[in-house]
Amino acid sequence: MLFKLSEQQVPFELAVLGQRFRDVPAIFAEAEERLTAHTICWGPQPEAEYRALLMGGGIVVSTTWHEFQGLAIMEAAQRGAIPLVPDRLCFPELYPNEYRFDGTQEGLYQRLRAWLIDPVSQPSLLATEQWQWPEWRGAYRALLMEH
């Protein structure tokens, strides 16, 4: 999908963040090479740079089939990136429809292309207060004081 966007000269910058694992699919090496013109960083970053990249990110994309509550996407959304997530796993419970795609490559391509070509079509920043401690403190206190 990113190759197609690049070939169609859709403007974007790419930051691939996070640790590298021992078993990396071959497509990652190909993508790192083919998307060099778009890439601002690839792989793990020092914490300060990682946080700065999240704060400056426009869109954070997930295509996962396995996740741990979508924590990486939640972190990016809390720092101001607009999430684009598949309509599966925990995402329908956490993200309104305007932040989701149908889970297919074509669905992702269409939504992401539209957002990149016409930034006005992007939804507003996601309100993430419901995930943060002040929203949960009362519920936890009530639960713990119950017994």
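The values are calculated or read from the model by the stated rules, or taken from the named source; none is laboratory data. This structure is a prediction, so every number in the text was calculated from the model and none was measured. For neighbour counting, all protein chains shown are included, and Cβ atoms are generated from backbone atoms with ideal geometry for every residue, glycine included. The area values use the complete protein model at the heavy-atom level, side chains included, leaving out ligands, DNA and RNA. Shrake-Rupley method; radii C 1.70, N 1.55, O 1.52, S 1.80 Å.
Sorted on the mean count of surrounding Cβ atoms within 10 Å across their residues, most packed first, peptides 133-143, 10-20 read 10-20, 133-143.
With protein chains left intact and a 1.4 Å probe, residues in the stretch 1-109 average 62 Å² of accessible area per residue.
Treating each Cα of the chain as an identical point scatterer and ignoring solvent, apply the Debye formula and state log10 I(q)/I(0) at q = 0.09, 0.13, 0.19 Å⁻¹. Values returned for q = 0.09, 0.13, 0.19 Å⁻¹ are -0.33, -0.66, -1.34.
Under a 5 Å amide H cut-off, with hydrogens placed 1.01 Å from N, Leu17 pairs with Gly43 among residues at least 5 apart or on other chains. Just the protein heavy atoms count here, and of the accessible area of the stretch 82-147 at 1.4 Å, carbon and sulfur take up 55 percent.
Shown here for the stretch 35-128: chymotrypsin sites (Phe, Trp or Tyr not before Pro) in loop regions (DSSP other than H, G, I, E, B) with at most 16 other Cβ atoms within 10 Å, namely Trp65, Phe68.
How much of the accessible area of the stretch 1-70, probe 1.4 Å, is carbon plus sulfur, in whole percent? After summing per-atom areas, the C and S share lands at 56 percent.
Based only on Cα atoms, what mean projected area does the convex hull of the stretch 1-60 have, in nm²?
4.5
The local environment of Gln69, defined by Cβ-Cβ distances under 13 Å, has a net charge of -3 under the rule Lys, Arg +1 and Asp, Glu -1.
With contacts taken as Cα pairs under 8 Å and at least 6 residues apart, the chain reaches a relative contact order of 19 percent.
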